[in-house]
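The values are calculated or read from the model by the stated rules, or taken from the named source; none is laboratory data. Keep in mind that this is a model prediction, so the values were computed, not measured. Virtual Cβ from ideal backbone geometry, glycine too; neighbours counted across all protein chains shown.
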Amino acid sequence: MITIELINQALSSVKDSGSGKSLLELGWLGKIQLNPPKVIVRLNLPNFAQNQRDRLANEIRILLEKFDDINQVQIELGNVSENKTIGQAGHGELKPLQEIEGVKNIIAVSSGKGGVGKSTVAVNLACTLAQKGFKVGLLDADIYGPNTPIMLGVTDKLPEVSGSGSDQKIRPIESYRVALVSMGFLIDQDQPVIWRGPMLNGIIRQFLYQTVWGERDFLIVDMPPGTGDAQLSLAQAVPMKGALIVTTPQKVSLQDSRRGLAMFKQMDIPILGVIENMSSFIPPDMPNRKYKLFGEGGGKQLANEYSVPLLAELPMELNVVEGANEGRPVVDQYPEGLTAHAFNHLVDLILGNKSITTN
């Protein structure tokens, strides 16, 4: 006999195309009224997911009509703000976006998968902005894999923490004129972070609002790879000026980057552009030679598909790898190199975006 539990089990396969999470996880399914042979399902979608409404409703209808006890499926459409909750993903109540006092521009650096050099881009982007005289903060939101302290050479530092509870304050670590907050400061080098959504959301909000950022022209957010709880937490917390999508020319990277880009679009966060990393390998003894180790054209293809600019094609140079391992950002140590010139051009393009506040 049909039950609410069986209905929930069936509907667990209906998923949001951006995050890949089920409607049950996201809390987008409202009250289900069962009165065989009729069932009423309320679908509460946030604004950024309204473009999925017809697909989700159709999938729900098809699944429920497979039950022998059901011959009439009624789907009521609402908005997640009407029932206030965001559900079991641990994000609590849907609240208005809250600005960070003193911070003018928040920019997310994101990728669909790990290993594409996202953190390298975030660190050198922050350093390049600082070189141009801007006051810059860097928030390492990659809670499960925090690498920025290594790249900025501050793994031996500890941030000053004062107060407790909601009054606790964290003072970021300054390195290369960039103020950094990272989970890497709070855990041992080999300690895994095994957290579910609510704890993840809590530490991200603490980094955002309980850090003494001071006056900052830019806060660069090094996002974790993928489209999970951290991305949702950040997108639902602060007003972002835009997101930068990092990819490599490989098809695998490109496919995952599409998902990340689509997620930001669904959340109404502007896409500032695409950055193709590891575009070509340049041997140190043959600076005029370029080798396309991972293919070519991937970044341009992604940018064209979504009608966004391709902002940079960053080369592979040994001094980039060496600098990251030794805590020396390449744009600071080799300011005349090809990579540093590419980052300077990238920053100029970002500063020229009309959504960015530069004064």
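Structural remarks
- Annotation for region 241-250: at least one member residue is at pLDDT below 90 and either of a type outside the set (S, T, N, Q) or part of a helix (DSSP H, G or I) (or both).
- When GLN255, GLN301 are checked against the criterion of being at pLDDT 85 or above and either acidic (Asp, Glu) or farther than 20 Å from VAL221 by Cα (or both), GLN301 stands alone in meeting it.
- Residue match in region 333-343 (condition: of a type in the set (A, V, I, L, M), touching a Phe, Trp or Tyr at 6+ places or on another chain (Cβ under 7 Å) and part of a loop (DSSP other than H, G, I, E, B)): no
- Test: ASN124 is of a type in the set (S, T, N, Q) and closer than 21 Å to ILE203 by Cα: no
- Subset of region 254-275 [charged (D, E, K, R) and exposed (fewer than 15 other Cβ atoms within 10 Å of the Cβ)]: ASP268
Quick grid of which residues meet (1) out of contact with any strand residue (DSSP E or B) (no Cβ under 6 Å at 6 or more places or on another chain); (2) assigned to a loop (DSSP other than H, G, I, E, B); (3) at pLDDT 90 or above:
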| site | (1), (2), (3) |
| --- | --- |
| ASN8 | yes, no, no |
| SER17 | yes, yes, no |
| GLU25 | yes, no, no |
| ASN44 | no, no, no |
| GLN52 | yes, no, no |
| ALA57 | no, no, no |
| LEU63 | yes, no, yes |
| ILE75 | no, no, no |
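- Residue in region 260-279 that is of a type in the set (D, E, K, R) and more than 20 Å from the chain's Cα centre (by Cα) present: no
- Residues in region 51-62 that are surrounded by 12 or more Cβ atoms within 10 Å (Cβ to Cβ) and either touching a Gly at 6+ places or on another chain (Cβ under 6 Å) or under 17 Å from LYS21 (Cβ atoms) (or both): ASN51, GLN52, ARG53, LEU56, GLU59, ILE60.
- Unmet requirement for GLU326, which otherwise passes all of (1) farther than 24 Å from ILE150 by Cβ; (2) charged (D, E, K, R); (3) more than 23 Å from the chain's Cα centre (by Cα): (1)
- Some residue of region 209-229 being part of a helix (DSSP H, G or I) and at pLDDT 90 or above: yes
- The set of residues from region 276-286 being touching a helix residue (DSSP H, G or I) at 6+ places or on another chain (Cβ under 8 Å) and either surrounded by 12 or more Cβ atoms within 10 Å (Cβ to Cβ) or at positive phi (or both) comprises GLU276, ASN277, SER279, ILE282.
- If you go through region 215-249 and pick out every residue that is at positive phi and in contact with a strand residue (DSSP E or B) (Cβ under 6 Å, 6 or more places away or on another chain), you end up with 1.
- Strands (runs of 3 or more DSSP E) wholly inside region 90-173 that include at least 3 residues being of a type outside the set (Lys, Arg): 103-110, 136-140, 160-162
- All of ASP229, ASP256 fail the test of being farther than 28 Å from VAL103 by Cα and charged (D, E, K, R), apart from ASP256.
- Region 270-307, residues that are without any contact (Cβ under 8 Å) to a residue 24 or more places away in the chain, assigned to a loop (DSSP other than H, G, I, E, B) and within 24 Å of ILE350 (Cβ to Cβ): SER307
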